[in-house]
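Below you'll find the structure, written out as structure tokens, and then a few comments.
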Amino acid sequence: MRRQGKKGLNPPRALESAVDKFLASELLQSHGLDIPHTFCCQDSDTAMEAFERFGKDIVVKPLFGAEGRGILRIEDEQLAWRVFRAIEKIGGVIYLQPYIKHPGWDLRIFILGDKVLGGMKRTAPQGAWMTNVAQGGKGEAYKLNSNLETIGIKACKAVGAEIAGVDLILDENGKWLVLEVNAVPGWKAFAPVTGIDIAREILIYANHS
């Protein structure tokens, strides 16, 4: 599209950087942002060592994915081994992080250029741990402070995006960690709870950039 002279808000490199969870983690960390401890490998034995090191309570994620699809929380050693072996057999990448003990909710911050459009608190369903609205989480407007806004903008710039949804989680020590930067953020849940006309904001931004 860009070679044809057409406007695109996020350059191809930003899309590639955000969709690859491991690359995104590296970029976020290199920009001084706090992220969950992350481990990536392709063999089961090494993954089991990380499972032990992370306290036998981990989250396994597909390297490429969205909306919480394919994410598993594993606390059982035998299950961990079976999952790691299955990924190894198909030549996949084992991407895992320690489970972050959190208050049952996290944040989605919507960034457009240098502007924070708003924040949404996502609360996990009763008895569940995943907060994604696509997985049954409940969204509500959240008033962001300047620190959260700064983290959101910094995370967006770390992957080179102009528009992004930045997901943050509060760990048990009260530290905000960047979980993910979504360079193709939807706003089906975000717009109704925040009252922000995201489509209008994007059109205004595109016409003036």
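The values are calculated or read from the model by the stated rules, or taken from the named source; none is laboratory data. Since this is a predicted model, take the numbers as computed values, not measurements. FYI the Cβ positions are ideal-geometry reconstructions off the backbone, even for glycines, and counts take in every protein chain you see.
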Practice prompt. Out of the residues in segment 25-36 that are more than 18 Å from Asn173 (Cα to Cα) and among the aliphatic types (A, V, I, L, M), state the one that is surrounded by the fewest Cβ atoms within 10 Å (Cβ to Cβ).
Written response: Leu27
Worksheet item: Would a scan of segment 128-138 turn up a residue that is among the charged types (D, E, K, R), modelled with pLDDT under 95 and either at positive phi or not in a loop (DSSP other than H, G, I, E, B) (or both)?
Response: yes
Worksheet item: Which of the residues that make up segment 81-102 are farther than 24 Å from Leu23 by Cα and either touching a strand residue (DSSP E or B) at 6+ places or on another chain (Cβ under 6 Å) or of a type in the set (Gly, Ala, Ser) (or both)?
Response: His102
Discussion item. With the requirement that a residue be over 14 Å from the mean Cα position of the chain (by Cα) and assigned to a helix (DSSP H, G or I), what does segment 141-152 give you?
Written reply: Ser146, Asn147, Leu148, Glu149, Thr150
Response to the item:
Of the residues in segment 37-46, those that are in contact with an Asp or Glu (Cβ under 8 Å, 6 or more places away or on another chain) and either in a strand (DSSP E or B) or surrounded by 14 or more Cβ atoms within 10 Å (Cβ to Cβ) (or both) come to Ser44
Worksheet entry | Residue list for segment 20-49, restricted to those being modelled with pLDDT of 95 or more and among the basic types (Lys, Arg) | none
Discussion item. So Arg85 passes all but one of these: (1) buried (at least 17 other Cβ atoms within 10 Å of the Cβ); (2) at pLDDT 95 or above. Which condition number does it fail?
Written reply: (1)
Worksheet entry | Candidate set from segment 50-66 (those that are of a type in the set (D, E, K, R) and surrounded by 13 or more Cβ atoms within 10 Å (Cβ to Cβ)); member that is modelled with the lowest pLDDT | Lys61
Worksheet item: Can you name the condition, by its number, that Met120 falls short on among (1) modelled with pLDDT of 95 or more; (2) more than 17 Å from the chain's Cα centre (by Cα)?
Response: (2)
Worksheet item: Quick one: is Glu172 in contact (Cβ under 8 Å) with a residue 24 or more places away in the chain, outside any loop (DSSP other than H, G, I, E, B) and more than 25 Å from Gly8 (Cα to Cα)?
Response: no
Fill in: Search result, residues across segment 67-86 that are within 20 Å of His102 (Cα to Cα) and either among the aliphatic types (A, V, I, L, M) or outside any loop (DSSP other than H, G, I, E, B) (or both)
Ile71, Leu72, Arg73, Ile74
Worksheet item: Quick check: anything in segment 114-126 without any contact (Cβ under 8 Å) to a residue 40 or more places away in the chain, of a type in the set (A, V, I, L, M, F, W, C) and in a loop (DSSP other than H, G, I, E, B)?
Response: yes
Worksheet item: Where residues in segment 195-209 are of a type in the set (A, V, I, L, M, F, W, C) and either assigned to a loop (DSSP other than H, G, I, E, B) or in contact with a helix residue (DSSP H, G or I) (Cβ under 6 Å, 6 or more places away or on another chain) (or both), which of them is surrounded by the fewest Cβ atoms within 10 Å (Cβ to Cβ)?
Response: Ile196
